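J.: One structure follows; several queries about it will come next.
The values are calculated or read from the model by the stated rules, or taken from the named source; none is laboratory data. All figures in this text were calculated on a predicted structure; none of them were measured in a lab. Reconstructed Cβ throughout: ideal geometry from the backbone, glycine too, with neighbour counts over all protein chains shown. Side chains are part of the model used for accessible areas, which takes the heavy atoms of the whole protein and leaves out ligands, DNA and RNA. Shrake-Rupley method; radii C 1.70, N 1.55, O 1.52, S 1.80 Å.
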Amino acid sequence: MFQELTTEILVVGGGTGGTAAALQAARRGHRSILVSEYEWLGGMLVTAGVCAPDGNELAAWQTGIWGQFLHSLQQKYPQGLDYSWVSLFTYHPHLGADILAEWVQNLPNLHWIDKQIPLEVQKTGNRITGVRFADYLIHAEITIDGTELGDLLPLADVPHRWGWEMQAEFNEPSAPITPNDLTKRYCVQAPTWVFFLQDFGETAKTIIPPTNYNPEHYARAWEACGSEKFLSYGGLPTGEMMINWPHQGNDYGVGLERLVAGESAKKEFLSESLNHSLGFAHYIQTELGNNYGFADIFPHRLGNSAFAFHPYYRESRRLQGQQTVTERDILPIPGGTVASLVTNSQGRMNSIAIGNYVNDHHYPGVEFPLEAKSLQWGGRWTGTPFTIPYDCLVPIDAEGLLVCEKNISVSHIANGATRLQPLVMNIGQAAGMAASLCVENKHQPQDLDIKELQEALLSDTIAPSAIIPLFNLPPYHPQWLYWQRYYLEYPETYSNHGYYPSLLKTDSLIVQPQTNNYEQYIGVFQKTSTESYHLTLTFPASQVGEVWQLITVHSHIYEQLKTCQDQQMITICGKCNFAGEWLQVESLQNK
């Protein structure tokens with residue numbers, strides 16, 4: 001027998017987007033229920049173990065709930081988060097789970113129910129009115145699908161996509177013209193069952209391989225980078241190593257259609273995926289030394305606390321929405337460094353979140369070429385910023401429903417850039433805010449005033465979220481809100497290079513908030529190319545003669561680096577990252 005509950009906003013799925021959606025709805029003051037499958041929240045960022053987030057690393061993109069999450073992590077790690085070379089931020093998953101759980105539990109109007117999955121969607125006509133779980137039937141005015149695989153879409157009979165679109169459908173330059181061996185072999189991107197290792201300094205417990213272990217599956221996994229570089233790929237501040245390795249590693253893509261073919265087929269795939277990762281762990285220990293063993297990270301729900309709760313799903317069922325994000329929406333304007341601002345069918349600018357990651361697809365054993373969208377900025381490679389439209393969260397005709405995960409209305413090709421954790425977190429925030437406004441105004445998501453939603457996101461009192469990409473406008477800038485509103489009102493004046501007109505001479509003097517204890521370094525500056533900077537150290541004494549690549553996430557530091565002269569002596573404050581072999585600059589004196 002199930003318990004019957006009624007709420008204003010129901011969020012199904014405690015993942016990255018779902019957790020953010022529930023937080024935002026409750027912070028807005030609405031009665032909300034969050035139902036998660038696991039006893040931890042956070043999805044990709046936590047329960048899937050991907051605690052090395054990709055994208056939105058520049059200071060200007062660290063806004064909204066993503067920025068708040070990042071700031072909270074930095075407060076917990078005063079020594080910094082920069083310990084891997086795959087990401088500028090790594091952290092222990094348990095810490096991420098603790099932060100999100102504390103936020104949720106501090107909201108009296110947010111009821112969190114764990115260890116439940118949706119079984120049935122309640123509808124009146126084409127309007128979704130509630131969801132049944134094993135132990136609950138929950139009625140809601142607005143329901144948000146924040147599940148890892150878009151589980152509410154088939155349960156509600158809402159039109160959705162799964163897999164590839166050919167080039168003719170959206171005119172995407174990287175899409176295949178006709179079905180081919182790749183599209184048949186991999187209907188979606190391959191997931192990865194993440195696990196964690198630790199160097200015990202002596203013999204670790206032996207990792208027993210699965211019965212079908214084949215070392216050839218993992219041969220040459222770190223051939224291109226070397227074993228030391230491989231092991232530092234996902235290093236945590238606490239010393240553990242996240243293993244989420246795409247090259248002959250733990251990506252698994254055999255029979256991906258089973259993920260949506262029923263519970264029995266899905267369980268079969270998950271078992272194989274887990275065993276594939278177990279085999280990779282055994283291979284690492286065998287090839288690199290028996291001092292490397294499993295780290296204690298997660299609850300022992302799988303019999304092994306080194307493995308994440310579930311795979312890192314890179315692709316989901318995808319809504320057929322009012323608007324679909326395609327590859328052309330994420331590519332840079334010709335000659336520019338930003339994508340065009342998205343508009344809806346009425347020509348209105350309807351951005352609600354910013355992403356910037358490169359378009360990254362995972363098909364084990366296959367190199368899939370994609371249209372380039374990366375650029376050099378701040379001494380390192382990053383991705384072209386783009387915007388997500390509100391209408392891709394809204395079904396074509398189903399009422400009472402929003403989506404907020406990898407299940408937004410996006411093409412298979414563009415999903416490679418929209419699926420990343422920071423962006424999904426802020427998409428979730430936008431969905432939670434939109435649901436709140438629908439409840440307040442007593443209308444459906446299709447009828448929401450987008451300008452009201454945009455203003456609510458910008459002026460949120462806890463985690464204001466940027467919706468216009470501006471490289472030189474970080475959230476601590478005194479004119480941040482003014483210029484965000486300005487380009488919403490006058491999008492035709494938006495620069496192809498994503499910079500607001502720097503009218504104040506003091507822009508370069510703005511100091512970002514300091515959250516870490518940085519070290520001082522002095523040395524000889526070298527500019528090896530237009531966007532590549534190095535420092536040969538003369539101080540501290542222990543590092544004299546060492547050469548470090550200089551990077552930054554701050555626009556004013558970036559402008560200073562561009563004005564430094566080759567062979568000039570400079571003084572910086574920052575932090576060395578030995579895995580990435582870079583020195584992240586937080587302040588700079590070049591006089």
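J.: May I ask you to list the aspartates and glutamates whose Cα is less than 13 Å away from that of Lys442, ignoring any residue fewer than eight positions away on the same chain?
T.: Lys442 reaches Glu8, Glu141, Glu399.
J.: Once the convex hull of the C-alpha atoms of the stretch 171-317 is built, how many Å³ does it hold per residue, rounded to a whole number?
T.: Considering the Cα atoms of the stretch 171-317, their hull volume per residue is 150 Å³.
J.: What is the Cα centroid distance between the stretch 92-125 and the stretch 514-549, reported in whole angstrom?
T.: Taking the Cα centre of the stretch 514-549 as reference, the centre of the stretch 92-125 is 44 Å away.
J.: Contour minus end-to-end for Gln444 and Glu102, with contour as 0.36 nm per residue of separation and end-to-end as the Cα-Cα distance?
T.: Additional length available on full extension: 120.0 nm.
J.: Same structure, new question: Along the stretch 110-124, what does the Karplus equation 6.51 cos²θ - 1.76 cosθ + 1.60 (θ = phi - 60°) give for ³J(HN,Hα), rounded to whole Hz, x for Gly and Pro?
T.: Residue by residue, the stretch 110-124 yields 10, 9, 9, 10, 10, 6, 9, 10, x, 10, 7, 9, 8, 9, 10 Hz.
J.: Additional query: Output ³J(HN,Hα) for the stretch 353-360: one whole-Hz value per residue in order, computed from phi by the Karplus curve 6.51 cos²θ - 1.76 cosθ + 1.60 with θ = phi - 60°, and x for Gly and Pro.
T.: 6, 10, x, 8, 5, 4, 7, 10
J.: Another question about this same structure. Once you place label points 7 Å from the Cα toward the Cβ at Lys562 and Val366, how far apart are they in nm?
T.: The two pseudo-label positions are separated by 4.0 nm.
J.: State the extension gain, in nm to one decimal, for the chain segment bounded by His247 and Tyr482, taking 0.36 nm per residue of separation less the distance between their alpha-carbons.
T.: The span from His247 to Tyr482 would gain 80.1 nm if fully extended.
J.: Just the number, please: Stokes-Einstein D of the chain in µm²/s, Kirkwood Rh from C-alpha pairs, 10 °C, 1.306 mPa s.
T.: In µm²/s, the coefficient is 65.
J.: Now, a different point. Mind giving me the FRET efficiency for Leu288 and His497? R0 is 51 Å, r the Cβ-Cβ distance, nearest 0.05 is fine.
T.: For R0 = 51 Å, the calculated efficiency reads 0.70.
J.: Multiply the residue separation of Ser459 and Asp296 by 0.36 nm, subtract the distance between their alpha-carbon atoms, and state the gained length in nm to one decimal.
T.: Extra length available between Ser459 and Asp296 comes to 54.6 nm.
J.: Give me the percent of accessible area attributable to carbon and sulfur for the chain, probe 1.4 angstrom.
T.: 49
J.: Which three semi-axes in whole Å describe the equivalent ellipsoid of the stretch 434-591, each the square root of 5 times a Cα gyration tensor eigenvalue, listed largest first?
T.: The three semi-axes for the stretch 434-591 are 40, 17, 13 Å.
J.: Of Cys225, Cys576, which has the most accessible area and how do the rest follow, probe 1.4 Å?
T.: Cys225, Cys576
J.: Restricting attention to the stretch 305-371, which GluC sites (Glu not before Pro) occupy a DSSP loop and are surrounded by at most 13 other Cβ atoms within 10 Å?
T.: Sites meeting the loop and neighbour criteria: Glu367.
J.: So, R0 is 45 Å and r is the distance between the beta-carbons of Thr124 and Ser305; what FRET efficiency does that work out to, to 0.05?
T.: So, using R0 = 45 Å, E works out to roughly 0.50.
J.: Summing Lys, Arg as +1 and Asp, Glu as -1, what charge do residues with Cβ under 9 Å from the Cβ of Asp145 carry, Asp145 excluded?
T.: Computed value for this residue: -2.
J.: As a check on your grasp of the helix formula, calculate [θ] at 222 nm for the chain: sum -39500 (n - 2.57) over DSSP H runs of n ≥ 4, divide by the residue count, round to the nearest 500.
T.: Computed ellipticity for the chain at 222 nm equals -7000 deg cm²/dmol.
J.: Just how much of His310 is accessible, in Å², when a 1.4 Å probe is used and the result is rounded to the nearest 10?
T.: Roll a 1.4 Å probe over it and His310 shows about 10 Å².
J.: Provide the solvent-accessible area of Tyr91, counting protein heavy atoms only and rolling a 1.4 Å probe, rounded to the nearest 10 Å².
T.: Probe radius 1.4 Å; accessible area of Tyr91 about 0 Å².
J.: Further question: Can you give the accessible area of Glu228 in Å² (nearest 10), computed on protein heavy atoms with a 1.4 Å probe?
T.: Accessible surface of Glu228 is approximately 150 Å².
J.: Taking the solvent-accessible surface of protein heavy atoms with a 1.4 Å probe, what is the per residue accessible area of the chain in Å²?
T.: Computed with neighbouring chains in place, this is 38 Å² per residue.
J.: Please give the direction-averaged projected area of the C-alpha convex hull for the stretch 108-170, in square nanometres with one decimal.
T.: 6.2
J.: Which ³J(HN,Hα) values, rounded to whole Hz and listed in residue order, are derived for the stretch 179-196 from phi using the Karplus coefficients 6.51, -1.76 and 1.60 in 6.51 cos²θ - 1.76 cosθ + 1.60 with θ = phi - 60°, glycine and proline given as x?
T.: Per-residue couplings from phi come out as x, 9, 4, 5, 5, 7, 6, 10, 6, 9, 5, 6, x, 9, 8, 6, 9, 10 Hz.
J.: Using the structure shown, list the pairs from Lys76/Lys229; Lys229/Lys575; Lys267/Lys406; Lys123/Lys267; Lys123/Lys184 with a Cα-Cα distance above 23 Å, or answer none.
T.: Lys76/Lys229; Lys123/Lys267; Lys123/Lys184
J.: Taking Lys562 as the anchor, which aspartates and glutamates have their alpha carbon closer than 16 Å to its alpha carbon, excluding any fewer than eight residues away along the same chain?
T.: Counting by Cα, and skipping residues close in sequence, Lys562 has these aspartates and glutamates nearby: Asp507, Glu531, Glu586.
J.: Residues with amide H under 5 Å of Gln322's amide H, sequence separation 5 or more or different chain, H placed in the peptide plane at 1.01 Å from N; which?
T.: Excluding prolines and chain starts, which carry no amide H, the hits are Val394, Ile396.
J.: Whole angstrom only: what separates the Cα centroid of the stretch 136-166 from the Cα centroid of the stretch 214-272?
T.: Their Cα centres are 27 Å away from one another.
J.: How big is the Cα convex hull of the stretch 151-193 in projection, averaged over all directions, in nm²?
T.: Directional mean of the projected Cα hull area for the stretch 151-193 stands at 4.4 nm².
J.: In whole Å, largest first, what are the principal axis extents of the Cα atoms in the stretch 1-126?
T.: Taking max minus min along each principal axis of the Cα atoms, the stretch 1-126 gives 50, 27, 26 Å.
J.: Strictly greater than 27 Å: what percent of every Cα pair in the stretch 244-383 meets that?
T.: 45
J.: On a C-alpha basis, how far is the centre of the stretch 437-502 from the centre of the stretch 1-55 in Å? Whole number, if you could?
T.: 24
J.: Given axes a ≥ b ≥ c from the Cα gyration tensor, I'd like to know whether the stretch 397-496 is rounded (a/c under 1.5), prolate (a/b larger than b/c) or oblate.
T.: Cα axes put the stretch 397-496 in the oblate bin.
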